[in-house]
Every structure is written in C-alpha cells, then in structure tokens.
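As structure tokens, the structure follows; a few thoughts come after it.
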Amino acid sequence: MPEMTFAEAISAGLAAAMEADETVIVFGEDVELLRNDLLVRFGGKRVRNTPISESAFLGTAVGAAMMGLRPVVEIMLVDFIGVCFDALLNQAAKIETFSGGGFKVPMVVRSSCGAGYGDGGQHEQSL
C-alpha cells in the first residue's frame with residue numbers, strides 16, 4: 001500500500017469514486033482549490049465551489065441526491081455543521097420514509113474536526 005498524507009488519501013478515494021461513477025460530484029467552499037487535481041481531471045461540472053452558506057449547499061446536496069446524483073459535500077470546518085442540521089436530520093435522514101421509498105438521499109458529508117490551527121472558537125472545535 002502506498003504511503004500518503006491524509007489529504008492525498010481523501011483525494012485518491014474521491015478520484016476512484018468519481019472514476020467509477022459519473023454521478024459522483026464534489027462541492028463545498030474552496031474545493032476547486034483544495035481538490036484541484038479532481039477539478040483538472042473531472043472538470044468544473046463535477047467539482048464545484050459554493051458560496052459560504054453551509055445550510056444552502058448541504059440542502060442543495062439533498063436535492064441533488066434525490067434526483068440521482070451522489071454528492072460529496074465538503075463542510076470546511078465541523079463547527080458549521082450545526083447550521084445544516086435541518087437538511088441532515090429533517091430531510092436527508094427522513095425523505096426515504098416520508099416518500100414511501102420514492103426517494104433516497106445517497107450522499108456523503110465530509111468535514112475537518114479539531115485541527116487546532118488557532119482560528120478561534122468558531123473554527124477548531126472537536127464536535
């Protein structure tokens with residue numbers, strides 16, 4: 001097994017998933033910079049930057065998943081996952097049951113946690 005950094009392993013895993021399934025998309029704040037290798041390889045339709053509105057882009061991922069895509073949503077810092085709880089707990093987790101199995105929400109939410117960069121109380125919690 002090749003030795004690699006955690007960041008390299010994430011990109012390698014995402015690249016393998018995107019290669020195997022053209023419905024896998026990646027989006028979040030600054031992903032075009034953070035996942036530049038994926039942007040170059042798979043293009044801007046599958047690797048997309050978002051505005052700084054975690055609840056909006058996570059909600060968008062729920063809709064995209066319901067329509068057949070497989071989003072990987074990168075929440076830059078876990079501190080901001082709280083603003084996404086409505087989309088996660090009241091929509092993504094319940095849609096399949098509420099729709100009688102008519103819709104599924106196949107998505108991944110990925111975030112960093114407790115990195116300790118010294119960015120203050122809103123950017124380094126270990127939730």
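The values are calculated or read from the model by the stated rules, or taken from the named source; none is laboratory data. Note that this is a predicted model, so its numbers are computed, not measured. Reconstructed Cβ throughout: ideal geometry from the backbone, glycine too, with neighbour counts over all protein chains shown.
Selection of region 73-108 for residues being aliphatic (A, V, I, L, M) and assigned to a helix (DSSP H, G or I) yields Val78, Ile81, Val83, Ala87, Leu88, Leu89, Ala92, Ile95.
The sole residue among Ala115, Ala64, Ala92 that is modelled with pLDDT under 95, over 25 Å from Phe6 (Cα atoms) and either crowded, with 19+ Cβ neighbours inside 10 Å or in contact with a His (Cβ under 9 Å, 6 or more places away or on another chain) (or both) is Ala92.
The condition of being among the β-branched types (Val, Ile, Thr), touching a strand residue (DSSP E or B) at 6+ places or on another chain (Cβ under 8 Å), closer than 19 Å to Leu14 by Cα and modelled with pLDDT of 95 or more holds for only one of Val105, Val73, that being Val73.
Taken as a whole, the condition of being within 21 Å of Glu22 (Cα to Cα) and in a helix (DSSP H, G or I) does not apply to Ala56.
Can you pull out the residues in region 1-32 that are in a loop (DSSP other than H, G, I, E, B), under 20 Å from Val105 (Cα atoms) and touching a strand residue (DSSP E or B) at 6+ places or on another chain (Cβ under 9 Å)?
Of everything in region 1-32, those that are in a loop (DSSP other than H, G, I, E, B), under 20 Å from Val105 (Cα atoms) and touching a strand residue (DSSP E or B) at 6+ places or on another chain (Cβ under 9 Å) turn out to be Asp21, Thr23.
Within 13 Å of the chain's Cα centre (by Cα) and assigned to a loop (DSSP other than H, G, I, E, B) - does that describe any residue in region 33-47?
Yes: region 33-47 contains one or more residues that are within 13 Å of the chain's Cα centre (by Cα) and assigned to a loop (DSSP other than H, G, I, E, B).
Yes or no, residue by residue, for (1) among the basic types (Lys, Arg); (2) in contact with a Lys or Arg (Cβ under 9 Å, 6 or more places away or on another chain); (3) closer than 18 Å to Val73 by Cβ:
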residue: Glu3; (1), (2), (3): no, no, no
residue: Ser11; (1), (2), (3): no, yes, yes
residue: Met18; (1), (2), (3): no, yes, yes
residue: Gly28; (1), (2), (3): no, yes, yes
residue: Glu32; (1), (2), (3): no, yes, yes
residue: Leu38; (1), (2), (3): no, yes, yes
residue: Arg41; (1), (2), (3): yes, no, no
residue: Gly44; (1), (2), (3): no, no, yes
